[in-house]
Every structure is written in C-alpha cells, then in structure tokens.
Amino acid sequence: METTSSRRKFLATAVTGTMATIVAPSVLRSETPAITQPTVIPASAFGANDRIRVAVLGVNGRGQNHIEEVMKQENATVAAICDPDLPLLQKRAKEFEDKYKQKVAIEQDFHKIFDNKDIDAITLATPNHWHALLTIWACQARKDVYVEKPATHNIHEGGKLIEAAYKYNRIVQHGVQLRSSTAIREGVKLLNDGIIGKVYMARGLVYRWRPDIGNQGISKIPEGLNYDLWCGPAPMVPFTRNLVHYNWHWHWNYGNGDVGNQGIHETDLCMWGLNVGLPERITSMGGKFLWDDCKEVPEILTSIYHYPKEKKIIQFEVRNWCTNLEDGAGVGNIFYGDKGYMVIKNYDTYETYLGEKREKGPSNKTPGELTLHFKNWLDAIRARDMSLQHGPVESGHLSSALAHLGNISYRLGRQLNFDPVAERFIGDEDANNMLTRDYRSPYVLPDKI
C-alpha cells in the first residue's frame with residue numbers, strides 16, 4: 001500500500017507550485033488509498049430524490065455515448081445537451097425524446113449550462129482544444145466533470161486541471177474506460193504481482209483505418225453554427241469542412257493526432273502497468289507517407305519514452321492503413337517481463353504468454369467497461385470521495401502529457417530531455433514554448449484558478 005509521503009512525491013511530479021503539497025490519490029495503481037477531502041457537499045445538493053442531473057457538452061460523436069451511458073445509470077439523468085451547432089442539437093433532442101419518452105433542454109452557449117443551478121455535473125465530448133478550459137470553468141461553477149480523452153490539449157493545462165479539481169472539491173473523471181474494466185484491472189494487478197516477472201517495457205499500439213480526407217477548402221459558415229464558440233481558445237480561421245465536425249483531430253490547433261486521440265487509452269495503460277510517471281528522454285519520428293490531404297498530423301508516428309532511473313521504456317506506435325496485428329492486438333498494449341509478456345486488446349481483454357515457449361497463462365475478457373466507468377464517476381460524486389475514482393484528474397494530466405511529449409519531439413525533429421518534476425524541457429526553449437499555447441480572448445486559460 002502506498003504511503004502518504006509517496007503520494008505527495010507523486011503529485012510533486014505531476015504538478016508544480018503549491019499544488020505539490022496536496023495529498024492526492026494514486027493514479028498508477030489499481031487500488032487507491034483514502035485521502036483527506038475538503039468540505040463535504042451534502043447529498044441534497046443533487047436535487048430531488050438525490051438524482052444527479054447531467055448536461056452533455058458536445059453531441060456530434062462521442063457525446064451520443066455519454067447520453068446513453070448516463071441514462072443507463074440509476075438515479076441519474078441527462079437534463080440538458082449543449083453544442084455550438086443548433087441544428088445538430090435539435091436533431092439530438094428529437095432522438096432523445098423518441099428514445100426516452102421525455103424532453104431534454106438544449107443550449108448552444110455553455111455559459112448557460114454553468115449558470116444553471118439545477119445542473120449537478122457535466123460530461124465533455126467537445127474537440128480537444130476545449131477540454132481543459134471547460135473542465136476548469138465547470139469546477140469553478142461547482143459542477144463535477146467527466147472529460148473525454150485527452151484531458152488536455154497541452155501539458156501546461158494539466159497542472160491547472162488538477163489545481164481546479166482540488167480547490168473546488170470536484171470529481172473530475174478522465175474518460176479512459178479501461179481503468180474500470182474488470183479484466184484490465186485484474187491484468188494490471190497480475191503485472192504488479194509478478195505474473196510476467198520484472199516488467200521493463202510497455203508497447204502501445206494504435207492501428208486505425210484513417211483514409212485520405214482531401215481538402216474541402218473554405219466555405220460559408222453553416223446556418224445555426226456558432227463558429228466563434230466552436231473555435232473558442234483556438235485561432236478564428238475561415239470556416240472549412242476540413243475541421244467541422246470530426247477532422248479537427250488531424251489539425252494541431254484543435255486535435256493531437258491519433259497518439260492524442262485513440263492513443264490516450266494506451267498511453268494511460270502503459271504508465272499504469274509500468275507504474276511510472278513522465279519520462280526523462282523522448283524521441284519521436286514519423287510523417288505523412290500515403291495521403292496528400294489537409295491533415296497536419298503524422299499518419300505514422302513512432303515514439304520512445306525512456307525512464308533511465310527506473311530502467312523502463314515505453315514504445316508507442318501509430319499506424320493508419322494496411323497493417324499486421326501483434327498477437328491479435330491492433331489497438332492495445334503489450335507488456336514485457338523477464339518471465340513472459342501480456343497482451344491487452346481494446347478495453348476488455350488481457351492474455352499472458354509465459355517463458356521461452358510462450359505458453360498461455362491467465363487471461364480474461366469481460367465487456368461493459370464504459371458503463372462501469374460512468375457508474376464509478378457517479379459513485380464518487382455521491383460520496384464526494386476522489387479516492388474512489390478509477391480515472392482521477394491526475395491520470396488525465398499524465399496520460400495526455402505523455403502523448404504531448406511525443407508530438408513535441410516529432411514537431412521539433414529531435415530527441416528531448418525532460419525534467420518530470422518541474423515539467424520543463426532541459427536546455428530547450430523551443431520545446432518549452434510548446435508546453436502551452438496562445439489563447440484567443442475571451443477564451444483564456446486563467447492564471448489564477
């Protein structure tokens with residue numbers, strides 16, 4: 001069991017400044033010790049019959065899953081949906097009424113969601129560039145948050161995210177549902193118990209079918225879309241279908257490529273299974289080899305994260321087209337030890353192979369992890385207890401930061417040396433300038449949380 005002093009040391013690695021003195025839950029182990037909490041909010045704050053009223057922000061893609069998962073939960077309901085795209089909102093509201101036989105409020109402007117005292121919590125499925133800022137503002141409005149991966153768009157945002165969660169006593173759950181998977185939690189425990197011996201390397205795999213998206217050029221802003229709100233902290237560029245609604249993932253101002261998209265599940269698991277924080281050396285290389293389209297991010301990316309003191313290493317690979325699987329895994333992780341290796345597939349399966357002959361060891365496949373992850377979030381909200389969380393705010397910062405480090409190395413084209421305590425690059429101001437971004441007013445990340 002982790003000691004209080006070791007948890008303090010961990011948070012000092014995760015965030016600098018006064019926040020480093022706060023005792024935080026472990027994010028690298030499957031079991032989390034109890035922590036001292038600020039003032040407890042009474043359950044009556046959740047409204048009639050203790051039902052938690054949730055607003056879903058961003059409903060084009062992943063937000064639809066959020067709606068479904070909240071509506072599955074006992075004593076919780078989706079009370080409002082919010083998106084800058086009014087026609088899309090109206091479509092989702094009709095779908096909601098048809099499916100659940102009840103109406104749901106719609107809002108284009110998230111400010112009205114934050115001002116609504118009847119909303120207890122929000123889920124965020126917006127583009128990446130909005131995740132941290134909306135989470136912080138929601139915490140300031142005393143609302144708990146489920147934020148999709150990645151929790152941040154850049155490394156600096158992670159420390160602010162942690163600060164906001166603790167200052168306002170908010171339950172901020174990172175949307176990496178494999179943390180709630182029965183099978184994966186069992187697998188990580190087996191890693192810790194030595195099933196494959198001394199674990200020295202993790203390999204993250206993201207093999208997704210990503211086609212040529214072309215270049216649709218500039219066009220008129222669609223009627224009903226609040227494009228200013230959609231852009232938010234990012235630059236206001238002429239409208240293009242290259243961005244709205246999905247392909248923003250492949251542009252640096254809004255997304256983080258596939259290592260910062262699907263890959264966050266795997267960066268999170270690499271760190272969890274190896275029991276490490278941020279690395280000291282980062283090397284990343286890749287590029288666009290197939291499509292002459294408008295994507296800015298690499299199609300192929302290989303990143304190495306080195307932990308010389310711990311004698312551990314993470315290899316991470318993004319591929320975008322025809323490829324082989326690795327022991328059946330196309331999206332997942334492989335852990336290597338001196339007695340064997342463990343393959344984790346998707347979010348619900350692990351397999352072990354032991355010894356030189358790769359004899360099959362323990363395995364498990366148990367689906368349903370997303371529903372469990374939402375339940376875990378709501379349980380922690382009711383208890384006002386961060387230690388119950390499977391995907392706490394610290395894990396959101398670290399798993400996202402690992403992806404950001406790889407992207408910075410790729411974009412600068414060189415190996416980087418990093419101080420994981422100060423969260424600064426060593427002797428490289430170009431890299432340090434990429435720890436944050438320029439925020440477009442009034443959508444500015446606050447210095448004072």
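List of remarks:
- Value of relative contact order over the chain, rounded to a whole percent, pairs C-alpha under 8 Å and six or more apart: 22 percent
- In Å, descending, principal axis extents of the Cα set of region 271-330: 41, 28, 14
- If R0 is taken as 45 Å, the Cβ-Cβ distance between residue 436 and residue 323 corresponds to a FRET efficiency of 0.85.
- Whole-angstrom Cα spans of the chain along principal axes, big to small: 60, 53, 43
- For region 123-155, there are no residues whose amide N sits under 12 Å from a probe point set 7 Å from the Cα of residue 97 along the beta carbon direction.
- Region 356-403: radius of gyration over Cα atoms, expressed as a fraction of 2.2 N^0.38 Å: 1.66
- Alpha-carbon gyration tensor eigenvalues x 5, square-rooted, for region 125-243, Å: 35, 23, 12
- The chain - charge dipole about Cα centre, Lys and Arg +1 at Cβ, Asp and Glu -1, debye rounded to 20: 520 debye
- Between residue 228 and residue 311, the FRET efficiency from the beta-carbon distance, with R0 = 45 Å, is close to 0.35.
- Once you reduce region 358-390 and region 264-295 to the center of their Cα atoms, the two points are 24 Å from each other.
- Magnitude of the charge dipole, region 47-173, Cβ model with Lys/Arg +1 and Asp/Glu -1, debye to 20: 100 debye
- Length released on extending from residue 288 to residue 424, taking residue separation times 0.36 nm less the Cα-Cα span: 46.1 nm
- Semi-axes of the equivalent ellipsoid for region 400-449, Cα gyration tensor, largest first, Å: 22, 13, 10
- Sorted by Cβ density within 10 Å, fewest first, the residues 377, 250, 137, 272: 137, 250, 272, 377
- Equivalent ellipsoid semi-axes - Cα gyration tensor, region 101-150, angstrom: 18, 14, 10
- Ranking of 399, 219, 387, 180 by count of other Cβ atoms within 10 Å, fewest first: 219, 387, 180, 399
- Ellipticity estimate at 222 nm from DSSP helix runs (n ≥ 4, -39,500 (n - 2.57)) divided over the chain, nearest 500: -9000 deg cm²/dmol
- Three principal axis lengths of region 228-380 [C-alpha, angstrom, descending]: 57, 41, 35
- Karplus (6.51, -1.76, 1.60) ³J(HN,Hα), θ = phi - 60°, over region 64-76, in Hz, Gly and Pro reported as x: 5, 5, 4, 4, 4, 6, 5, 5, 6, 7, 6, 6, 9
- Histogram of C-alpha separations across region 176-254, 5 Å bin width, %: 3, 10, 15, 14, 10, 8, 9, 9, 9, 7, 4, 1
- With contacts taken as Cα pairs under 8 Å and at least 6 residues apart, region 316-439 reaches a relative contact order of 10 percent.
- Order of 416, 190, 301 - criterion: other Cβ atoms within 10 Å of each residue's Cβ, fewest first: 190, 416, 301
- The value for region 43-174 of Rg(Cα) / (2.2 N^0.38 Å) is 1.00.
- Computed extension gain for residue 339 through residue 359, at 0.36 nm per residue and net of the alpha carbon distance, reaches 6.1 nm.
- Relative contact order for region 132-269, counting Cα pairs under 8 Å that sit 6 or more residues apart, in percent: 24 percent
- Compared with the direct C-alpha span, the chain from residue 75 to residue 90 gains 2.9 nm at full extension, assuming 0.36 nm per residue.
- Charged side chains reduced to their Cβ positions (Lys and Arg at +1, Asp and Glu at -1) give region 247-377 a dipole of some 360 debye around its Cα centre.
- Checking every one of the GluC sites (Glu not before Pro) in region 338-427 against DSSP loop status and a limit of 14 other Cβ atoms within 10 Å picks out 356.
Read-outs throughout are calculated quantities, based only on the coordinates presented, and are distinct from any laboratory measurement. Since the structure is predicted, the reported quantities are computational estimates derived from the model, not experimental observations. A quick note on method: Cβ atoms are made from the backbone with ideal geometry, for glycine too, and the neighbour counts reach across all protein chains shown.
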